[in-house]
Amino acid sequence: MASMMQPQIILLKEGTDTSQGRAQVVSNINACTAVADTVRTTLGPRGMDKLIHDDKGGTTISNDGATIMRLLDIIHPAAKILVDIAKSQDSEVGDGTTTVVLLAAEFLKEAKPYIEDGVHPHSLIRSYRTAGHLAIEKVKDLATSIEGKSLEEKKELLAKCAATTLSSKLIGGEKEFFASMVVDAVLAISNDDRLNLLGIKKVPGGTMRDSFLVNGVAFKKTFSYAGFEQQPKKFLSPKILLLNIELELKSEKENAEIRLSDPLQYQSIVDAEWNIIYDKLDKCVKSGAKIVLSRLAIGDLATQYFADRDIFCAGRVAEEDLQRVAAATGGTVQTSVNNVIDEVLGTCEVFEERQVGNERFNIFSGCPSGQTATIVLRGGADQFIEEAERSLHDAIMIVRRALKNSTVVPGGGAIDMEISKYLRQHARTIAGKSQFFVNSFAKALEVIPRQLCDNAGFDATDVLNKLRQKHASGEGANFGVDINTGGIADSFANFVWEPAVVKINAINAATEAACLILSVDETVKNPKSESAQGDAAASAMAGRGGGAMRGRGGRGMRRR
């Protein structure tokens, strides 16, 4: 009787939604599978593209996993983890974003029947972690190093890696053309890790084949004043002065007040301002520079002054473009024109202003430092050029990673099938339930070749059977899906390569994500946190517009 009289214990505030237990784990798995189904069809050379229309009316056409995941605006808390691993794969390696999402979802899908049968999630997590570790070690064993090759051989091998990445993109039809361009661009920045030294400029119009690589810096002609057309448009071996100051006649109106006792003194103040600007311009000319670039404005007085002395100038140059010019020409950005010595001036072999489509470009080529490159992209629709830029970003990241880690593995699902076979054999040596879980992990890895076949319209069951047979024979480690014939082929011999780091990172991230989602058995939704943003917006509106509406008649807008 005493126990019946105990009051009910209330832990969480009213309206809090809690769901827990086995059903919650299964629900999370289903959500992640639904997300993977969205990007599933974008995998591989025959992958389809997604057209995403946002609330601002903008459209994006892409088959880059990370871009799609970012634009989907997923709100399910567990499924957001897949968005995070796609982002991490993109920032760390640059490619394999669809792969990592598919693998994580497939690991969870294989775990689902065990969870429903009452297996404790931690038994699965333990086995998955072991299998993931073994898989990564196997990738390292199977990887082939490209170290010690001559520069020409290395360029050829890197171009094959870039072509493999580009084959699944919208610009896959021109993959050889762009692959060699990407390799030259990456080799231009040598060992520098800063990706912003590689510029990609987009100019609508023309065909993709009109795209070109500048071994130096190219940027769009900046806003210019009168007198600009009188300036020379081409120089050979000019000296370049980089500034971060305004060369404009400005009255001292900000935070300055001058009181005059004699009106005649006013002219002396005006003259002083003119003397200051002329003194600055004179020092720029005396430095011997033939090109003057500034991050801030260069006004019409300065533009005409430089034009009369056969000097080219450009103001309001973007920060990143100015930094890239500094890196390429060996110049240093100055914040003063006093004491400009030769050491701070940059130089290049050729500077010219060239017409590209509807735009005019300032191009610095033959730079001594050579630590930067610019790809000028041409093409039809804006969305097409945007997707081409995303594709090239993936290829650039892949070539950089291949240069740094210098080990490659066969693509086309070959490495996945080989690891799957290895884990199945290893599972036989394990006693207990763990054998089933490692086997499931091995089976999940087959999702990559299966999806490649599905996306190309081939019979996935038939191709996978052939692959299993070939890999089981012990001599088919490099065999993967042949996209051209619908059969199987030696991916390594066909130069379908990808850096080992892509696979290692993908397996690692997918395993971690799957284990994390399996370990969550309760979700608590706080009603306050959900409505906090709505309340804040409503109170802000009341504070700004409420009084005004009442003042005009107190009715506000009528609801229809």
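Details
- Set Lys160, Lys87, Lys155: member being touching a residue at least 60 places away in the same chain (Cβ under 8 Å) and of a type in the set (Lys, Arg): Lys160
- Restricting attention to region 122-171, the residues that are of a type in the set (Gly, Ala, Ser), within 28 Å of the chain's Cα centre (by Cα) and not in a helix (DSSP H, G or I) add up to 4.
- Under the condition of being touching a Ser or Thr at 6+ places or on another chain (Cβ under 7 Å) and more than 11 Å from Leu170 (Cβ to Cβ), the residues counted in region 383-417 number 10.
- Hits in region 85-121 - residues which are outside any helix (DSSP H, G or I) and farther than 20 Å from Asn63 by Cα: Asp117, Gly118, Val119, His120
- When residues of region 53-73 are limited to those that are in contact with a helix residue (DSSP H, G or I) (Cβ under 6 Å, 6 or more places away or on another chain) and either closer than 17 Å to Ala31 by Cα or of a type outside the set (Ser, Thr, Tyr) (or both), the one most open to solvent (accessible area, probe 1.4 Å): Ile61
- Within region 79-95, the residues that satisfy the criterion of being open to solvent by 10 Å² or more (accessible area, probe 1.4 Å) and either more than 21 Å from the chain's Cα centre (by Cα) or small (Gly, Ala, Ser) (or both) are Ser88, Ser91.
- Residue within region 235-242 that is within 30 Å of Val183 (Cα to Cα), in contact with a Phe, Trp or Tyr (Cβ under 8 Å, 6 or more places away or on another chain) and assigned to a helix (DSSP H, G or I) present: no
- Only one of Ile171, Ile189, Ile258, Ile200 that is open to solvent by 30 Å² or more (accessible area, probe 1.4 Å), β-branched (Val, Ile, Thr) and at pLDDT below 80: Ile258
The values are calculated or read from the model by the stated rules, or taken from the named source; none is laboratory data. The model shown is predicted, which means the values in this text are computed figures rather than measured ones. Neighbour counts run over all protein chains shown; Cβ positions are idealised from the backbone, glycine included. To get the accessible areas, we keep the full protein, side chains included, count just its heavy atoms, and leave off ligands, DNA and RNA. Shrake-Rupley method; radii C 1.70, N 1.55, O 1.52, S 1.80 Å.
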